[in-house]
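First comes the structure, then the notes that go with it.
The values are calculated or read from the model by the stated rules, or taken from the named source; none is laboratory data. All figures in this text were calculated on a predicted structure; none of them were measured in a lab. Note that we place each Cβ from the backbone using ideal geometry, even for glycine, and neighbour counts take in every protein chain shown. Each accessible area value is taken on the protein alone, full model and side chains, heavy atoms only, with ligands, DNA and RNA left out. Shrake-Rupley method; radii C 1.70, N 1.55, O 1.52, S 1.80 Å.
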Amino acid sequence: MNNGAGKRINGGVEEDDDEDDVNGDLDAWERTYTDERSWESLQEDESGMLRPIDNQALYHSQYRRRLRSLSSTAARIQKGLIRYLYIVIDLSKAASEMDFRPSRIAVIAKHVEAFIREFFYQNPLSQVGIVTIKDGVANCLTEIGGSPESHINALMKKLDCSGDSSLQNALDLVDGYLNQIPSYGHREVLVLYSALSTCDPGDIMETIQKCRKSKIRCSVIGLSAEMFICKHLCQETGGTYSVALDESHFKELILEHAPPPPAIAEFAVANLIKMGFPQRAAEGSISICSCHKEAKVGAGYTCPRCKARACELPTECRVCGLTLVSSPHLARSYHHLFPIAPFDEVPPSHLNDPIRKQKRNCFGCQQNVLDSGNKPGLAVVCPKCKRYFCLDCDIYIHESLHNCPGCDSFRHSKAATAKED
């Protein structure tokens, strides 16, 4: 019994020693707050007391503010629906800093993955490529393409950080790739920059002017302090420059680049684009893939012009150069041309008005918009059909559905009445 107890005690001691070895590289105060930053979940109320943050209300307020800012500038503005975007990721030693938990590069990889999926969901006709900066050299990690999985898998295998960063080398590399893009494509660069300096082989000002002449829109999200050269780059090329304060702010900043930005006036040229709608091949068919240049068994897509095989859509035929898309891709891009108007916020006094008693339920989910205790909650109303919606349905309508259920039901009922007459 004593020997067994001794083994258990020794085993417990050995486990504690292992944990000490893992945390041995951290200072005492860092070990205390490694797993939980409790001070970040508190906020000061009007009376000066500290209370837990209402994350849902905070998210709703940020969403409403972003929606209003977009609607004020997006009315009748031409947007680039066919975008060619290069994501430039700084993998210098600055990206391994631990001011973001667990590190800057871990946060970048996590949210770049979410951004790529959201980008292709909102821009099904667009393509993305990834460029990394490490040891003062810029490398093309993935060529520009329309497969989110290939970009994500390639990025997750190359997250080692070392050396200095060179913004000029990255811009020169991206400029060479984007110069081959057709004139109807909108050329964009999104730089995720962690360093506080750039080690360049030449004059970066000349490179910035070259990007401007090539009609490349450059945007930068910094993870450290603000840098003049990054701000100057964005101002010259018509992009945006932001500095992330924390992980949630970084997520918000990077997702703002998913919707297509307004086209620059001097670069916005109307073009007719020839597209092909390929047919899906049979499951058991064998053909040579023009993308990978090897024989493949299984379903693919056949180019209607040259009959070459492509693995995925959208893409550009490697043989004849025809842009290959599907009809759902065009349908998903439609809502950017005619976005749904933002809903108006409902004053709490209206919800308690007995005359409006029948409108206390959300038209989308049919849930009561009053909080527990019959207190008025947050609600919005469509300016056209005057239907009430809760904030969750408001977010779903504007970000996913892109149609107002109240307006659609009104149109359907009106059409049915006309048929009966």
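Every residue in the stretch 301-345 that is within 16 Å of Y84 (Cα to Cα) and open to solvent by 40 Å² or more (accessible area, probe 1.4 Å), please.
Within the stretch 301-345, E316 is the sole residue that qualifies.
Just checking, does the stretch 145-155 include any residue being crowded, with 16+ Cβ neighbours inside 10 Å, touching a His at 6+ places or on another chain (Cβ under 9 Å) and modelled with pLDDT under 95?
yes
For residues that are within 26 Å of E118 (Cα to Cα) and at pLDDT below 80, tally how many sit in the stretch 366-399.
Going through the stretch 366-399 one residue at a time, the tally reaches 1.
Do you know which of the residues in the stretch 116-144 that are aromatic (F, W, Y) and in contact with a strand residue (DSSP E or B) (Cβ under 8 Å, 6 or more places away or on another chain) is most open to solvent (accessible area, probe 1.4 Å)?
Taking the stretch 116-144 and keeping what is aromatic (F, W, Y), we get 119-121.
Filter again for in contact with a strand residue (DSSP E or B) (Cβ under 8 Å, 6 or more places away or on another chain), leaving 119-120.
Values: F119: 0, F120: 20 Å².
By that ranking, first place goes to F120.
Within the group L196, L233, L171, L190, which residue is surrounded by fewer than 22 Cβ atoms within 10 Å (Cβ to Cβ) and of a type in the set (A, V, I, L, M)?
Numbers: L233 fails: surrounded by fewer than 22 Cβ atoms within 10 Å (Cβ to Cβ); L171 fails: surrounded by fewer than 22 Cβ atoms within 10 Å (Cβ to Cβ); L190 fails: surrounded by fewer than 22 Cβ atoms within 10 Å (Cβ to Cβ).
Residue meeting the stated conditions: L196.
Exactly one condition in (1) at pLDDT below 80; (2) under 21 Å from the mean Cα position of the chain (by Cα); (3) basic (K, R) is false for K293; which is it?
Condition (2) is where K293 drops out.
Keeping to the stretch 172-194, report how many residues are among the charged types (D, E, K, R) and farther than 20 Å from F115 by Cβ.
Just the residues of the stretch 172-194 that are among the charged types (D, E, K, R), to begin with: 172, 175, 187-188.
Right, trim to farther than 20 Å from F115 by Cβ and you get 172, 175.
Count: 2.
Only residues in the stretch 378-407 that are hydroxyl-bearing (S, T, Y) count as the first member; pair them with residues that are open to solvent by less than 30 Å² (accessible area, probe 1.4 Å) and assigned to a loop (DSSP other than H, G, I, E, B), Cβ under 7 angstrom, at least 6 apart or cross-chain, and list the lot.
Close Cβ pairs (under 7 Å, with a partner that is open to solvent by less than 30 Å² (accessible area, probe 1.4 Å) and assigned to a loop (DSSP other than H, G, I, E, B)) amount to Y388/V346; Y388/C362; Y388/V369.
Please count how many residues of the stretch 82-131 are among the polar types (S, T, N, Q) and farther than 24 Å from S166 by Cβ. Reasoning before the result, please.
Going through the stretch 82-131, the residues among the polar types (S, T, N, Q) turn out to be 92, 96, 103, 122-123, 126-127.
Filter again for farther than 24 Å from S166 by Cβ, leaving 122-123, 126-127.
Total meeting the criteria: 4.
Restricted to the stretch 199-230, and to residues that are more than 21 Å from D246 (Cβ to Cβ) and within 20 Å of the chain's Cα centre (by Cα), which residue is most open to solvent (accessible area, probe 1.4 Å)? Don't jump to the end; show me each part of the working.
Let us first name the residues in the stretch 199-230 that are more than 21 Å from D246 (Cβ to Cβ), namely 199-218, 228-229.
So of that shortlist, the ones also within 20 Å of the chain's Cα centre (by Cα) come out as 216-218.
Working: I216: 4, R217: 40, C218: 1 Å².
Only one residue tops the list, namely R217.
Give me the residue from the stretch 82-114 that is closer than 21 Å to I144 by Cα and out of contact with any strand residue (DSSP E or B) (no Cβ under 8 Å at 6 or more places or on another chain) and, out of that set, most open to solvent (accessible area, probe 1.4 Å). Full working, then the answer.
Kept after step one, since they are closer than 21 Å to I144 by Cα, are these residues of the stretch 82-114: 82-91, 108-114.
Those still in the list that are out of contact with any strand residue (DSSP E or B) (no Cβ under 8 Å at 6 or more places or on another chain) too: 109-111, 113-114.
On the way: A109: 7, K110: 120, H111: 15, E113: 60, A114: 49 Å².
Result: K110.
Please count how many residues of the stretch 174-187 are surrounded by 15 or more Cβ atoms within 10 Å (Cβ to Cβ) and either in contact with a helix residue (DSSP H, G or I) (Cβ under 6 Å, 6 or more places away or on another chain) or free of Cβ contacts under 8 Å to residues at least 60 places away in the same chain (or both). Even if it seems obvious, please write down each step before you answer.
Here is the first cut: in the stretch 174-187, the ones surrounded by 15 or more Cβ atoms within 10 Å (Cβ to Cβ) are 174-175, 177-178, 181, 185-187.
Next cut, either in contact with a helix residue (DSSP H, G or I) (Cβ under 6 Å, 6 or more places away or on another chain) or free of Cβ contacts under 8 Å to residues at least 60 places away in the same chain (or both) only: 175, 187.
The qualifying residues number 2.
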